[in-house]
Amino acid sequence: MQNEVWLRPLVWMDYRLAVLFTVIIPLILLIWAFVQKAEAIQRLLIIYWRVSSLLAISVYLLIAALPVGYISGTIARILIPIGLWFWIDLNEEIDDQFSGALKLTFNSWRWAMTVYSVLGAIASIPFLRCAFVSGASTNPFCTILREPPLLFREYFHPNSTPQFLGFLGIVGLIFYFICLGYFVLFKLGKQGRSALPQ
C-alpha cells in the first residue's frame, strides 16, 4: 500500500512527460522542419516516429493487461535513443548544414529525449517482473502502470473492448518486429549507419 502512495504520482508524471516529449514536441519539430525544408531533420524525425511507435503499441497491450506490454515499453525506451543517434550521415548533415533556432531546439529535444528514455528504461526495470508473474493484471504494483493506458482508452476508445485493443496491439507488435528484424538482418549490413541506401 505504501508503494502505491509514492509510485502512482510518479507513473502519472511519467505519462504526462511522455505525451510532451514523445508526441507534442516531435510533432511540432516535424512540422517546423517541413516548413524550413530541413530534410535531414525531417528524415531523422520520421525514423523517430517509426521507432517510437512501439510506445503506442505498448499502451494498447497494457490496456488489455497483456504481459508483453511491460517488456515492449522498456524495449521502446532503449530503442528510441539508438534511433535518434545511430545515423552518421544524418548527424553530420545536421551539424554541418543547419544553424539557428530549429537546430538548437531539435538538438535540445534530442538530448532531453535521450536522458528521459534512459531514465525511463531504468525506472521500468522493476515492472518487468509483471510480465512473468501470474495474476499481474490484479497485482496492485503492476496495475498502477496500466492506469494511464486505461484512461487513454476511456478518452479515445470508449466503445472498444480491452480485448479488441489488445488484439490491435499484438498485430502492431508483430508488424513492428517483422520490420525491425528485416532492417537488422538485411538492410543494416548493406547500409551500415547511413540512413540512406548506399
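The values are calculated or read from the model by the stated rules, or taken from the named source; none is laboratory data. Just so it is clear, the model here is predicted, and its values are computed rather than measured. Using ideal geometry, Cβ is built from the backbone for each residue, glycine included, and neighbour counts are taken over all protein chains shown.
Is it fair to say Ser124 is among the small types (Gly, Ala, Ser), in contact with a Pro (Cβ under 9 Å, 6 or more places away or on another chain) and surrounded by 14 or more Cβ atoms within 10 Å (Cβ to Cβ)? Step through it out loud before you land on a result.
Numbers: among the small types (Gly, Ala, Ser): yes; in contact with a Pro (Cβ under 9 Å, 6 or more places away or on another chain): no; surrounded by 14 or more Cβ atoms within 10 Å (Cβ to Cβ): yes.
Considered against the rule, which asks whether it is among the small types (Gly, Ala, Ser), in contact with a Pro (Cβ under 9 Å, 6 or more places away or on another chain) and surrounded by 14 or more Cβ atoms within 10 Å (Cβ to Cβ), Ser124 comes out as no.
Could you identify the single residue in Val115, Val59, Val68 that is under 19 Å from the mean Cα position of the chain (by Cα), buried (at least 19 other Cβ atoms within 10 Å of the Cβ) and either of a type in the set (A, V, I, L, M) or at pLDDT 95 or above (or both)? Working first, answer last.
Numbers: Val115 fails: buried (at least 19 other Cβ atoms within 10 Å of the Cβ); Val68 fails: buried (at least 19 other Cβ atoms within 10 Å of the Cβ).
The conditions single out Val59.
Scan Leu90, Leu79 and give me the residue that is at pLDDT 95 or above and surrounded by 15 or more Cβ atoms within 10 Å (Cβ to Cβ). Walk me through how you get there before you give the answer.
Details: Leu90 fails: at pLDDT 95 or above.
Only one candidate qualifies: Leu79.
Tell me, please, whether a residue that is buried (at least 17 other Cβ atoms within 10 Å of the Cβ) and under 30 Å from Arg8 (Cα atoms) can be found in the range 95-107.
Scanning the range 95-107, I find no residue that is buried (at least 17 other Cβ atoms within 10 Å of the Cβ) and under 30 Å from Arg8 (Cα atoms), so the answer is no.
Can we say Pro158 is in contact with a helix residue (DSSP H, G or I) (Cβ under 9 Å, 6 or more places away or on another chain), loosely packed, with under 12 Cβ neighbours inside 10 Å and of a type outside the set (Val, Ile, Thr)?
Details: in contact with a helix residue (DSSP H, G or I) (Cβ under 9 Å, 6 or more places away or on another chain): no; loosely packed, with under 12 Cβ neighbours inside 10 Å: yes; of a type outside the set (Val, Ile, Thr): yes.
In short, no.
On the given criteria, is Ile178 within 22 Å of Arg77 (Cα to Cα) and in contact with a Lys or Arg (Cβ under 7 Å, 6 or more places away or on another chain)? Break it down into steps so the answer makes sense when it comes.
Details: within 22 Å of Arg77 (Cα to Cα): yes; in contact with a Lys or Arg (Cβ under 7 Å, 6 or more places away or on another chain): no.
Spelling it out, it is not the case that Ile178 is within 22 Å of Arg77 (Cα to Cα) and in contact with a Lys or Arg (Cβ under 7 Å, 6 or more places away or on another chain).
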